[in-house]
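Report on the structure given below.
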Amino acid sequence: MEVAQRIREMREIMGFSKAEMAEKTEITEDLYEQYENARIDLPFTFIHKCALAFNLSMSDLLEGRSALLSTYTVTRKGHGQDTAKEEGINIQNLAPMFKDKLAEPYYVTYKYSPELQDQPIHTTKHSGQEFDFIVSGRLKIQVGDNVEYLSEGDSIFYNSSLPHGMIAVDGRDCVFIAIVVAGGSNVQETVIRDTLIPSKTRSRKLAIDKFVETQTDENGLLTSIKFKNEDKFNFAFDVVDAISKREADKLAMIHIDKNGVERKFTFRQMKRASAQCANYFKSLGIKKGDRVMLVLKRHYQFWFSMLALHKLGAVVIPATHMLTKKDIIYRNTRASIKAIICVDDPYVTEQIKLAMPESPTVDTLIAVTDHGKPIPEGFRDWQSEWKNAPKFVRPKHVNDNEDTMLMYFTSGTSGEPKMVAHDYLYAMGHLTTGVFWHNLHEGSLHLTVADTGWGKAVWGKFYGQWFAGATVFVFDHEKFNADTLLRQIEKYKVTSFCAPPTIYRFMIREDLSKYDLSSLEYCTTAGEALNPAVFDKFYEKTGIKMMEGFGQTETTMTLGTFPWMTPKPGSMGMPNAQYDIDLLRADGTPCEDGEKGEIVVRVGDRKPIGLFKHYYRDDELTREAWHDGIYHTGDMAWRDEDGYYWFEGRIDDVIKSSGYRIGPFEVESALMTHPAVVECAITGVPDDIRGMVVKATVVLGKEWKDKAGDDLVKELQQHVKNVTAPYKYPRIVEFVDELPKTISGKIRRVEIRQKDAK
């Protein structure tokens, strides 16, 4: 509160407007106002930028007074000015009241971190010189190419323009005095912070160093990624159990069930629960190669089961709880499913029971229910049985890399679901998703909004997040509500968030000033194309730029806006370095910049890690999508002169009208800039004269619903004409309460087209 008041007073003294200060501190005016009025906690970076704007030291703003002493100053034990306290490191300024200092003295505590011991020391450099004196513990310090070990009473003086860094060693914390000299002028706090606090890239190296080598260009852009130690890789053993061995009590997941009950699971608990679960499944006859369908919503047993089945070498088939009898029969017979593990939901269990007479391969049904609740007829009781399973013993041979680990039935946005088969290296392919695209680190608490029945769940709730050493946050809600979700982010201080654009559309229609979202560091989106209007509104309200990503059930993330990139609203970003991405014309030749074409993956002689194996039991469909060394995504895009890709839509969704080829997304983006439109879908309707005409299916905001009619139709049509090329405007506009979607939130345009064809 006091710091905020000082900032406001200094702004008024300097004659700066709130807009000018927002620009100087690189945030939105709305967020600046929240900071200045002390509605949310002030981050270190904001205070620092304010100090720079006012030409003050950090001490001036933190303490509210300028240093007055010029002869000497005494700082009593424990009374130094806290300058930084983060990631196991505490730094105190020992002379905050001495003015015109030639050097800055700091009392520094480095927590011992086991996972850093075998990692390269993160180094940084700055102008000037530095002197470090060891008070207690032992310090490993690197200066240039030289490494020294310093014990209690030892000291070092060095040119700080050389790359340097340090860690605590020998199993205990290290305390030392650091005196930093910067050419006779006051040392900026950021120099000290950057010098003594390792960057988050260092903290990311909990689980990834063993599996990946990266190269960057002179601008820090990731140019290549090479996977290593991939022989007989198994995510459950080589990542989750490995983290448990090194850091057993590290938090793996926070789970909030539909009743608000909170559960926390460490990596040790994940290891033990999955091992017990594996033996439970083994006792029921589930073995290597068997196909097991999981219908577990967001219940924590999904994570236990996934890991357990990986440990057995069985094939996991996640599925949505909204499947009908027909859907279940289709999946059971197409995949020869042996066992189904499901939630004890009356609808789910009834549909499964109805499917059993036509599902000859299924011999085991397991229901996850509350203790004491009767088990549906024909189902085994997970709760009473799994804890009694014998001790798990790792099989001598669990899997080869090329074995099938996971199969997904596609969401069916454009036809009957296909069976997408992934090998064991698919999990490794998501390393890029969590570590680089989500920008996660060991202190991250990450929430992805996705049902476990769809691939987006393992994109955001499983593989990549634990590669980064982050904690997964799971909110097991039955029905999406923007207010409820925002309250969870606020309550648990979620730092990283990912959701399809649909979720963001509903979030920005809330009064976000009612929620404390200050914990959020990073936001990403995928699942469908992001309308620039949604990006702009979210940024306006939160000061956070959404980073878009693109991929399919058949791939991991193939295109993305990474942390080192400036996002272009509406763009999917640039190719992920683990894939060779291109745009091709219909004749198979490469597109020029600005030219629309199909997104493809050039496979060459070796399948990239993360790309699917095939469509299970459908060689013809596999050859149709993957031939001549190229995988065809079926998605259209164009590339700008900076190398950014811009989504156009599915090839099947492109509308051909009066000789024009119209991508639905560009019309949807235009419509979304009108305040009446919450969401919309653009499809083509057959027309005798034009071949096809553009139709807009529109969901209106609640304050606009009573205005639905011819006048609003004309207004929306004119709006599109003004925003984009006039020929793209929708000749047909239909107002609906909701759009048909998959459980993962993707709009089913095929369903709209089918309805219009009747």
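Please go through the stretch 585-613 and give me each residue that is under 22 Å from residue 223 (Cα atoms) and either touching a residue at least 60 places away in the same chain (Cβ under 8 Å) or crowded, with 16+ Cβ neighbours inside 10 Å (or both), ordered by number. Reasoning before the result, please.
Residues of the stretch 585-613 under 22 Å from residue 223 (Cα atoms): 590-593, 599-611.
Within the stretch 585-613, 591, 599, 600, 601, 603, 607, 608, 609, 610, 611 meet the criteria.
To keep it simple, each residue is scored yes or no on (1) assigned to a helix (DSSP H, G or I); (2) within 28 Å of the chain's Cα centre (by Cα); (3) touching a residue at least 12 places away in the same chain (Cβ under 8 Å).
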{"position": "322", "(1), (2), (3)": "no, yes, yes"}
{"position": "334", "(1), (2), (3)": "yes, no, yes"}
{"position": "347", "(1), (2), (3)": "yes, no, yes"}
{"position": "361", "(1), (2), (3)": "no, no, yes"}
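Modelled with pLDDT under 95, assigned to a helix (DSSP H, G or I), more than 22 Å from the chain's Cα centre (by Cα) and polar (S, T, N, Q) - does that describe any residue in the stretch 280-295?
Yes, the conditions are met somewhere in the stretch 280-295.
I need the full set of residues from the stretch 544-558 which are under 12 Å from residue 525 (Cα atoms) and touching a residue at least 40 places away in the same chain (Cβ under 8 Å), in order please.
Passing the criteria: 546, 547, 549, 550, 551, 557.
Here is a yes/no grid of residues against (1) touching a residue at least 24 places away in the same chain (Cβ under 8 Å); (2) surrounded by 22 or more Cβ atoms within 10 Å (Cβ to Cβ); (3) closer than 19 Å to residue 251 by Cα:
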site	(1), (2), (3)
391	yes, no, no
436	yes, yes, no
440	yes, yes, yes
460	yes, yes, yes
467	yes, yes, yes
471	yes, yes, yes
493	yes, no, yes
499	yes, yes, no
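Can you tell me how many residues within the stretch 235-258 are touching an Asp or Glu at 6+ places or on another chain (Cβ under 9 Å), outside any helix (DSSP H, G or I) and of a type outside the set (Asp, Glu)?
Count: 5.
Give the residue that is surrounded by the fewest Cβ atoms within 10 Å (Cβ to Cβ), with candidates limited to residues of the stretch 675-690 that are within 22 Å of residue 650 (Cα to Cα) and more than 40 Å from the chain's Cα centre (by Cα).
Filtering first and then ranking leaves 687.
Take residue 751 and decide whether it is farther than 26 Å from residue 410 by Cα, among the charged types (D, E, K, R) and either assigned to a loop (DSSP other than H, G, I, E, B) or in the same structural domain as residue 670 (by TED's automatic domain parsing) (or both). Full working, then the answer.
Numbers: farther than 26 Å from residue 410 by Cα: no; among the charged types (D, E, K, R): yes; either assigned to a loop (DSSP other than H, G, I, E, B) or in the same structural domain as residue 670 (by TED's automatic domain parsing) (or both): yes.
For residue 751, the condition - farther than 26 Å from residue 410 by Cα, among the charged types (D, E, K, R) and either assigned to a loop (DSSP other than H, G, I, E, B) or in the same structural domain as residue 670 (by TED's automatic domain parsing) (or both) - is not met.
Looking at the structure I just gave you, is residue 345 acidic (Asp, Glu) and within 20 Å of residue 450 (Cα to Cα)?
Answer is yes for this residue.
Scan the stretch 59-76 for residues that are at pLDDT 75 or above and either touching a Phe, Trp or Tyr at 6+ places or on another chain (Cβ under 6 Å) or in the same structural domain as residue 16 (by TED's automatic domain parsing) (or both) and report the count.
Going residue by residue through the stretch 59-76, those that are at pLDDT 75 or above are 72-76.
Okay, now just the ones that are also either touching a Phe, Trp or Tyr at 6+ places or on another chain (Cβ under 6 Å) or in the same structural domain as residue 16 (by TED's automatic domain parsing) (or both), so 73.
Going through the stretch 59-76 one residue at a time, the tally reaches 1.
Which ones in the stretch 663-681 are touching a residue at least 60 places away in the same chain (Cβ under 8 Å) and either among the aliphatic types (A, V, I, L, M) or in contact with a Cys (Cβ under 8 Å, 6 or more places away or on another chain) (or both)? Give the derivation first.
Let us first name the residues in the stretch 663-681 that are touching a residue at least 60 places away in the same chain (Cβ under 8 Å), namely 663-669, 672-673, 678-679, 681.
Result: 667, 668, 672, 678, 681.
If you check residue 56 against the conditions, is it hydrophobic (A, V, I, L, M, F, W, C) and modelled with pLDDT under 80? Don't jump to the end; show me each part of the working.
Details: hydrophobic (A, V, I, L, M, F, W, C): yes; modelled with pLDDT under 80: yes.
Yes, satisfied.
Tell me which residues, restricted to the stretch 684-728, are free of Cβ contacts under 8 Å to residues at least 40 places away in the same chain and among the aromatic types (Phe, Trp, Tyr).
Hit for the stretch 684-728 is 704, nothing else.
Condition first: under 19 Å from residue 722 (Cβ atoms) and of a type in the set (A, V, I, L, M). Now tell me which residues in the stretch 654-699 satisfy that.
Listed by number, the residues that qualify are 662, 667, 670, 671, 672, 676, 677, 682, 694, 696, 698.
Which condition number does residue 491 fail, the rest of (1) over 30 Å from residue 680 (Cα atoms); (2) under 11 Å from the mean Cα position of the chain (by Cα) being met?
Exception for residue 491: condition (2).
Determine which member of the set 544, 503 is among the β-branched types (Val, Ile, Thr), surrounded by fewer than 22 Cβ atoms within 10 Å (Cβ to Cβ) and out of contact with any Gly (no Cβ under 8 Å at 6 or more places or on another chain).
Matching residue, one of 544, 503: 544.
I'm trying to understand the selection: among the residues of the stretch 624-663, which are over 14 Å from residue 581 (Cβ atoms), of a type in the set (D, E, K, R) and buried (at least 17 other Cβ atoms within 10 Å of the Cβ)?
Scanning the stretch 624-663 gives 648, 650, 653.
Hey, among 281, 267, which residue is more than 17 Å from residue 427 (Cβ to Cβ), buried (at least 20 other Cβ atoms within 10 Å of the Cβ) and out of contact with any Cys (no Cβ under 6 Å at 6 or more places or on another chain)? Talk me through it step by step, then tell me what you get.
Values: 267 fails: more than 17 Å from residue 427 (Cβ to Cβ).
The unique qualifying residue is 281.
Among the strands (runs of 3 or more DSSP E) lying completely within the stretch 579-677, list those that include at least 1 residues that are in contact with a helix residue (DSSP H, G or I) (Cβ under 6 Å, 6 or more places away or on another chain) and at negative phi.
On the way: elements: 581-584, 597-602, 630-639, 645-650, 655-657, 660-662.
Of the strands (runs of 3 or more DSSP E) lying wholly inside the stretch 579-677, those with at least 1 residues that are in contact with a helix residue (DSSP H, G or I) (Cβ under 6 Å, 6 or more places away or on another chain) and at negative phi span 630-639, 645-650, 660-662.
The values are calculated or read from the model by the stated rules, or taken from the named source; none is laboratory data. These figures come from a predicted structure and were not determined experimentally. All Cβ positions, even for glycine, are placed from backbone atoms using ideal geometry, and neighbour counts span all protein chains on display.
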